[in-house]
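Written below as structure tokens is the structure these notes are about.
Values in this text are rule-based calculations from the coordinates and carry no lab data. Here the structure is a predicted model, which means the values were calculated and not measured. Here the Cβ positions follow ideal geometry from the backbone for every residue, glycine too, while neighbour counts run over all protein chains shown.
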Amino acid sequence: MKNDTSMTSGAHKEIELIERHIKMLYATKMNQPVGIIRLSEILDLPRHKVRYSLRMLEKDGVIIATPEGAVVSDDYEAFMKEMNEYLTGLIMRIKEVQSQIPGT
């Protein structure tokens, strides 16, 4: 069976996006203030993906754009804790769905 079917490809893309945002946020914290070009090099990602993730993280209030580069906001720790709780809940939900597959 293929890894990504029409039913599952969206889920994989969403998880990859969450992973990229988490890596971006952590890299920003460790290198702040940091610009798009430097983040692109650190994470080995195209600049347009870095720009998009920074925009989303800024919208969530966890990144602040400054003239020197991006920095994390005071909400960083709470955001990471909430993300961990969200992913834990998601794992539990996936296990519930998985248990409904006959023969497992």
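Would you be so kind as to identify which of Met80, Thr104, Met24 lies farthest towards the positive end of the dipole of the chain, taking Lys and Arg as +1 and Asp and Glu as -1 on Cβ and the Cα centre as origin?
Comparing the listed Cα positions along the dipole, Thr104 ranks first.
Using Cα-Cα distances under 8 Å and only pairs 6 or more residues apart, what relative contact order does the chain have, in percent?
22
How much length is gained on full extension from Ser73 to Glu19, taking 0.36 nm per residue of separation minus their Cα-Cα distance?
Separation in residues times 0.36 nm, less the Cα-Cα distance, equals 17.5 nm.
Whose amide H sits under 5 Å from the amide H of Ile63, counting only residues 5 or more places off or on another chain, with H placed in the peptide plane?
Here Glu58, Ser73 satisfy the definition.
Within the stretch 75-104, find all residues whose amide N lies under 16 Å from a label point positioned 7 Å from the Cα of Ala11 along Cα-to-beta-carbon.
In the stretch 75-104, the label zone of Ala11 (backbone N under 16 Å from the point 7 Å along Cα→Cβ) covers 87-104.
Work out the length of the dipole vector of the chain about its Cα centre, built from +1 on the beta-carbon of each Lys and Arg and -1 on the beta-carbon of each Asp and Glu, and round it to the nearest 20 debye.
About 360 debye.
Using C-alpha positions alone, give me the convex hull volume of the chain per residue in cubic angstrom.
Working: hull volume 12.6 nm³, N = 104.
Taking only Cα atoms, the chain has a hull volume of 121 Å³ per residue.
If packing is taken as the average count of other Cβ atoms within 10 Å, what order do 32-38, 64-70, 12-18 fall into, highest mean first? Numbers along the way, then the final one.
Values: 32-38: 15.7, 64-70: 14.0, 12-18: 11.9.
Going by the mean number of other Cβ atoms within 10 Å, highest first, we get 32-38, 64-70, 12-18.
Check cross-link reach from Lys95 to the lysines: straight Cα distance under 27 Å, and skip same-chain residues fewer than eight apart.
Within the straight-line cut-off, Lys95 pairs with Lys2, Lys13, Lys23, Lys81.
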